[in-house]
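Quick notes on the structure that follows.
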Amino acid sequence: MSVSTGSTTANTDIDFDGFGILTGLDAERRDQCSGCLIYGKVLGSLLAGNWKADYEQINQFGGGRIATHFEDFRVTPVMDAELGFGWLSPSRRLKVTAGYLFSSWFNTISNRDYVRNVRTGDLLDLTDVLTFSGLNFRTEIRF
């Protein structure tokens, strides 16, 4: 004999509000005749800000509700790298580029770690690395 426990819903919400400083290297090599170019960028940032995380779990039949709020001010280093190609018009007023961007955010709070740590009761060791990557397209018009 089994007893129906109903469905359980878990929701998380993680936000970051902060500010920081950016530094890096930007290189570009252009062919004078065709205007075609290749470029590369390496950027580093130090972001300081407030991480806020909320967790709520509700059971349909049991009436049980678990809710947790976590807030922490921390420094979040960010590293970005981009490599791509493009075209610059002879008048240098129009520039079109396409590249691949890879970004890593260190000392962050991710949903996976937050849910795991809430369930184990350990909110002191919340640190993760978030990575983002993808194609990047830009069009610049200069006046």
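Anything in segment 109-125 that is part of a loop (DSSP other than H, G, I, E, B) and crowded, with 17+ Cβ neighbours inside 10 Å? List them, or say none.
So the first thing to find is which residues in segment 109-125 are part of a loop (DSSP other than H, G, I, E, B), and the list is 109-110, 121-125.
Scanning segment 109-125 gives Ile109, Ser110.
Condition check: at positive phi and touching a residue at least 12 places away in the same chain (Cβ under 8 Å). Does Arg138 satisfy that? Please lay out each step first, then the result.
Working: at positive phi: no; touching a residue at least 12 places away in the same chain (Cβ under 8 Å): yes.
So Arg138 fails the test.
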**Item:** Total residues in segment 11-46, condition in a strand (DSSP E or B) and in contact with a Phe, Trp or Tyr (Cβ under 7 Å, 6 or more places away or on another chain)
**Value:** 8
**Request:** May I ask you to list the residues in segment 56-98 that are in contact with a Lys or Arg (Cβ under 9 Å, 6 or more places away or on another chain) and aromatic (Phe, Trp, Tyr)?
**Result:** Phe70, Trp87
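Out of all the residues in segment 55-72, which are within 20 Å of Trp105 (Cβ to Cβ) and surrounded by 16 or more Cβ atoms within 10 Å (Cβ to Cβ)?
Of the residues in segment 55-72, the ones within 20 Å of Trp105 (Cβ to Cβ) are 70-72.
Matches in segment 55-72: Phe70 only.
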**Matching residues in segment 15-55 - criterion: being at pLDDT 95 or above and of a type in the set (A, V, I, L, M)** = Ile21, Leu22, Leu25, Ala27, Leu37, Ile38, Val42, Leu43, Leu46, Leu47, Ala48
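Which ones in segment 124-143 are over 21 Å from Pro77 (Cα atoms) and among the aliphatic types (A, V, I, L, M)? Break it down stepwise before answering.
First, the residues of segment 124-143 that are over 21 Å from Pro77 (Cα atoms): 135-143.
The answer is Leu135, Ile141.
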**Message:** Can you tell me which condition Val75 does not meet? The list is (1) surrounded by 14 or more Cβ atoms within 10 Å (Cβ to Cβ); (2) at pLDDT 95 or above; (3) more than 25 Å from Glu28 (Cα to Cα), and all the others hold.
**Reply:** (1)
**The one condition in (1) loosely packed, with under 12 Cβ neighbours inside 10 Å; (2) closer than 23 Å to Asn111 by Cα; (3) among the hydrophobic types (A, V, I, L, M, F, W, C) that Leu22 fails to fulfil** = (2)
**Fill in**
Residue hits (segment 126-143; farther than 25 Å from Ala10 by Cα and outside any strand (DSSP E or B)) are Arg142, Phe143
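Being touching a helix residue (DSSP H, G or I) at 6+ places or on another chain (Cβ under 6 Å), surrounded by 11 or more Cβ atoms within 10 Å (Cβ to Cβ), of a type in the set (Phe, Trp, Tyr) and assigned to a strand (DSSP E or B) is the requirement here; does Tyr100 meet it? Don't jump to the end; show me each part of the working.
Values: touching a helix residue (DSSP H, G or I) at 6+ places or on another chain (Cβ under 6 Å): no; surrounded by 11 or more Cβ atoms within 10 Å (Cβ to Cβ): yes; of a type in the set (Phe, Trp, Tyr): yes; assigned to a strand (DSSP E or B): yes.
No, not satisfied.
What is the residue count in segment 110-143 for residues that are of a type in the set (Val, Ile, Thr) and under 17 Å from Ala67 (Cβ atoms)?
Residues of segment 110-143 of a type in the set (Val, Ile, Thr): 115, 118, 120, 127, 129, 131, 139, 141.
Next, from what is left, pick out any that are under 17 Å from Ala67 (Cβ atoms): 115, 118, 120.
Number of matching residues: 3.
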**Fill in**
Result of the Cβ filter at 8 Å on segment 108-133, keeping first residues that are under 14 Å from Asp54 (Cα atoms) and touching a residue at least 60 places away in the same chain (Cβ under 8 Å) and partners that are of a type outside the set (A, V, I, L, M, F, W, C) and assigned to a loop (DSSP other than H, G, I, E, B), at least 6 apart or interchain, is Ile109/Thr127
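The values are calculated or read from the model by the stated rules, or taken from the named source; none is laboratory data. Since we're looking at a predicted model, the values are computed, not measured. Cβ atoms come from the backbone with ideal geometry, glycine included; neighbour counts cover every protein chain shown.
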